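Q: This structure is in structure tokens; I'll ask about it shortly.
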Amino acid sequence: MADIADSANDISQLEIESILKNRVVEKPAYHQVCRYCKKSTPDGYPFCDSDCRDDFERLNKYGANNA
């Protein structure tokens, strides 16, 4: 026989499942060009290769932002 705590748990679980089922999932922003060299990027990646990514991160870490 279910007590009040079991009933409350069942209701909470149904609410959580309903919220998860009806949520709107935002898609990530896709990039068309590399953030560093401005070349076309494959499949919406922000950088065309790891060298551009590393250079971009290095520039932002040690560049004009730290003046």
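What follows is calculated from the coordinates using simple rules that are stated; it is not laboratory data. Just so it is clear, the model here is predicted, and its values are computed rather than measured. So basically every Cβ, Gly included, is an ideal-geometry build from the backbone, and we count neighbours across all protein chains shown.
Q: What size of dipole, in debye to the nearest 20, comes out for the chain about its Cα centre when the only charges are +1 on Lys and Arg C-beta atoms and -1 on Asp and Glu C-beta atoms? Write out the running numbers ahead of the final one.
A: Numbers: 9 positive and 12 negative charges, 142 e Å.
Here the size comes out at about 680 debye.
Q: If you don't mind, there's one more thing I want to ask. Mind sorting ARG35, ARG23 by how few other Cβ atoms lie within 10 Å of their own Cβ, fewest first? Intermediate results must be reported in sequence, preceding the final value.
A: Numbers: ARG35 15, ARG23 8.
Result, fewest neighbours first: ARG23, ARG35.
Q: Let me ask you something else. How would you rank ASP10, ASP49, going from fewest to most other Cβ atoms within 10 Å of each one's own Cβ?
A: Going from least to most buried by this count: ASP10, ASP49.
Q: What do you get for the angle between helix 4-22 and the principal long axis of the chain? Use alpha-carbon atoms, 0 to 90 degrees, nearest ten.
A: Helix 4-22 sits at roughly 40 degrees to that axis.
Q: Continuing with the same structure: Which one, [x] 4, 17, 17, 13, 10, 8, 9, 8, 7, 6, 2, 0; [y] 3, 15, 12, 11, 9, 7, 6, 7, 8, 7, 7, 5, 2, 0; [z] 3, 15, 24, 22, 12, 8, 5, 5, 3, 2, 1, 0, gives P(r) over Cα pairs in 5 Å bins from 0, in percent as derived from the coordinates shown?
A: It is the value labelled [y].
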